[in-house]
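One structure is given below, encoded as structure tokens.
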Amino acid sequence: MKLLLPLAAVCLAHFVLAAPTTNDECPPKKDPCVSEIMDLSFVVDSSQTVTAEGFKQALNFLSSFLGKFDISPNKVRSSVITYGRGVYTGEAIGFSDYSDKQSLLSAINDIQYQAGGRTDTGAGLEYMLDNQMSQARENVKRVVVVLTDGDSQDGSFTKKAAQRVRDNGIEVFSIGVGPDIAMQELLNIASSPENVIDAKSYDSLNHILNQLRVKICEESDPEPSCRHTPTDLMFVIDSSVSVGEDDFELGLKFITNFLQNFEVNPSTIRVAAIMFGKRVYDEHVINFDDDDNVENISKAISALPWMHGTRTETGKGIDYMVEHFLPYTRPRVPKVAIVITDGESQNNNKTAAAAQQARANGIQMVAVGIGRARTEGGKLNLKELNDIAGSKSSVLLADNYADLTRIKGKLVQQTCKQIDFGYQALMSL
């Protein structure tokens, strides 16, 4: 099956991912970070839990991120302070120390790892505010990024130091690396919950480059609001005989085109998929960790075979998702499931109960129905679709598989809405 991507998706991917393309029809895109005027400080953990290799990867992350900006006295200036057992002032970089990108990145690369026996994040924040941000330009955007892999020894002091920074009108982002830092610590540091970013490990920091870029820079080009929002996204796909092989391939193409709107990687949006028909076709399951970018997940989805199942066991597909995908979702991110079907299941009550269990477990549900409703002589049971999604507003309808392209934008919007709902639910816990 040949995967055909719409030109708009290719051009959007070119802008967001900075990937080369030979498509001459794509209009030139200007990265908004290039035109930023800002004083940007990094407060970087150099404690022993980071490890020398992790610290080197953290410095590489800083260099990659700053590479997007125009580093000069009149555009973007940057400072860096590292901390562990106290603050390592001998490794500090001030705003006026380097006036060009090459010199700044070289200096960052030379910062030495200290393997501190403590994590004095608050001390790092205070030093940055009193000794670096005090040299910031007037009437210029001021931003601080804190990069750490563990809770500080004095959480109360860290919280007060971060509040001092915010009280000075400085926007603060907190990046937590690995599983050992509490969400509350990151929330205490950042200006808002939206300014908290998780990275699975130091070697996956490159996965969050676009997240941080979009949050800090002013985007001038439209893209989905949730494109870079960490989410665990699951598909439950009808592969029954009524779908037909050609329409099944159209459905897969719709999913792969839909995914072009999102940044797929282990730290941002992860994707899993399962098919159902007479049974659950777990021999063709796609798990979260199977594919680490949108190209690979698109290939895996495109390769799914039509199983021509003689039943439509939608409830079993949803149950499989809950039992086998849910345990591997990340605790701090929204979970969204998209169920795609062209007909009514054999057991309405089972399907409704399975969907209810999924929602009770924090999964935001979206139902995509393809075809005509039973009231119009078709196979779709609109009540069942509402039962799957939990509300009528989370149900999308297409007249046939070819018509799915018409609702792609609506599905992107609905997915972003469900991601927002998921974050609201997480914040209320």
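The values are calculated or read from the model by the stated rules, or taken from the named source; none is laboratory data. All values derive from a computational prediction rather than experimental measurement. Positions of Cβ are backbone-derived with ideal geometry, glycine not excepted, and every protein chain shown enters the neighbour counts.
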Of the residues in the stretch 21-70 that are at pLDDT below 95 and among the acidic types (Asp, Glu), the one that is surrounded by the most Cβ atoms within 10 Å (Cβ to Cβ) is GLU36
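For every residue, the table says whether it meets (1) among the acidic types (Asp, Glu); (2) within 14 Å of TYR320 (Cβ to Cβ).
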| site | (1), (2) |
| --- | --- |
| GLN260 | no, no |
| GLU263 | yes, no |
| PRO266 | no, no |
| ILE269 | no, no |
| ALA272 | no, yes |
| MET275 | no, yes |
| GLU283 | yes, yes |
| ASP291 | yes, no |
| GLU295 | yes, no |
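Do you know which residues across the stretch 263-310 are among the small types (Gly, Ala, Ser), in contact with a Ser or Thr (Cβ under 8 Å, 6 or more places away or on another chain) and part of a strand (DSSP E or B)? Can you show your working first?
Just the residues of the stretch 263-310 that are among the small types (Gly, Ala, Ser), to begin with: 267, 272-273, 277, 298, 300, 302-303, 309.
Okay, now just the ones that are also in contact with a Ser or Thr (Cβ under 8 Å, 6 or more places away or on another chain), so 267, 277, 298, 302, 309.
Within the stretch 263-310, just GLY309 meets the criteria.
This table checks each residue for (1) surrounded by fewer than 21 Cβ atoms within 10 Å (Cβ to Cβ); (2) among the acidic types (Asp, Glu); (3) in contact with a Cys (Cβ under 9 Å, 6 or more places away or on another chain); (4) outside the structural domain of ALA389 (by TED's automatic domain parsing).
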site	(1), (2), (3), (4)
VAL236	no, no, no, no
VAL243	no, no, no, no
ASP246	yes, yes, no, no
ARG279	yes, no, no, no
ASP289	yes, yes, no, no
GLU313	no, yes, no, no
Sole miss for GLN364 among (1) within 19 Å of VAL243 (Cα to Cα); (2) within 23 Å of the chain's Cα centre (by Cα); (3) not in a helix (DSSP H, G or I) is condition (1)
Among residues of the stretch 324-349 being under 27 Å from ARG227 (Cβ atoms) and of a type in the set (D, E, K, R), the residue modelled with the lowest pLDDT is ARG332
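Go through the residues of the stretch 221-228 one by one and say whether even a single one is free of Cβ contacts under 8 Å to residues at least 24 places away in the same chain and part of a helix (DSSP H, G or I). Walk me through it before giving the result.
Quick first cut of the stretch 221-228, residues free of Cβ contacts under 8 Å to residues at least 24 places away in the same chain only: 222.
Checking the rest, the ones that are also part of a helix (DSSP H, G or I) come to none.
No, because not a single residue in the stretch 221-228 is free of Cβ contacts under 8 Å to residues at least 24 places away in the same chain and part of a helix (DSSP H, G or I).
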Cβ pairs under 7 Å, 6+ apart or interchain, first in the stretch 197-218 and under 17 Å from LYS56 (Cβ atoms) and at pLDDT 90 or above, second aliphatic (A, V, I, L, M) and in a helix (DSSP H, G or I), ordered by first then second residue, are ALA199/LEU205; ALA199/ILE208; TYR202/ALA58; LEU205/ALA58
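May I ask you to list the residues in the stretch 155-191 that are touching a strand residue (DSSP E or B) at 6+ places or on another chain (Cβ under 9 Å) and among the polar types (S, T, N, Q)? Full working, then the answer.
So in the stretch 155-191, the residues touching a strand residue (DSSP E or B) at 6+ places or on another chain (Cβ under 9 Å) come out as 162, 165-166, 168-178, 181-183, 185-191.
Those that are touching a strand residue (DSSP E or B) at 6+ places or on another chain (Cβ under 9 Å) and among the polar types (S, T, N, Q): ASN168, SER174, ASN188, SER191.
Does ILE197 meet the test of being part of a helix (DSSP H, G or I), touching a Phe, Trp or Tyr at 6+ places or on another chain (Cβ under 9 Å), of a type in the set (A, V, I, L, M) and closer than 22 Å to VAL336 by Cα?
So ILE197 fails the test.
Which residues, taken from the stretch 157-171, are outside any helix (DSSP H, G or I) and buried (at least 23 other Cβ atoms within 10 Å of the Cβ)? Outline the logic, then answer.
Restricting attention to the stretch 157-171, the residues satisfying the condition of being outside any helix (DSSP H, G or I) are 168-171.
Correct list: empty.
Looking at the structure I just gave you, is ALA123 buried (at least 17 other Cβ atoms within 10 Å of the Cβ), under 26 Å from SER191 (Cβ atoms) and in contact (Cβ under 8 Å) with a residue 60 or more places away in the chain? If you could, list the steps in order and put the result at the bottom.
Details: buried (at least 17 other Cβ atoms within 10 Å of the Cβ): yes; under 26 Å from SER191 (Cβ atoms): yes; in contact (Cβ under 8 Å) with a residue 60 or more places away in the chain: no.
Considered against the rule, which asks whether it is buried (at least 17 other Cβ atoms within 10 Å of the Cβ), under 26 Å from SER191 (Cβ atoms) and in contact (Cβ under 8 Å) with a residue 60 or more places away in the chain, ALA123 comes out as no.
Consider the stretch 390-429. How many of its residues are without any contact (Cβ under 8 Å) to a residue 40 or more places away in the chain and assigned to a helix (DSSP H, G or I)?
Looking only at the stretch 390-429, we keep the residues that are without any contact (Cβ under 8 Å) to a residue 40 or more places away in the chain, and these are 390-399, 403, 406-407, 409-410, 417, 424, 428-429.
Subsequent filtering for residues that are assigned to a helix (DSSP H, G or I) retains 392-394, 403, 406-407, 409-410, 417, 424.
Adding up the residues that qualify gives 10.
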When GLN346 is run through (1) touching a residue at least 12 places away in the same chain (Cβ under 8 Å); (2) in a helix (DSSP H, G or I), the failure sits at (2)
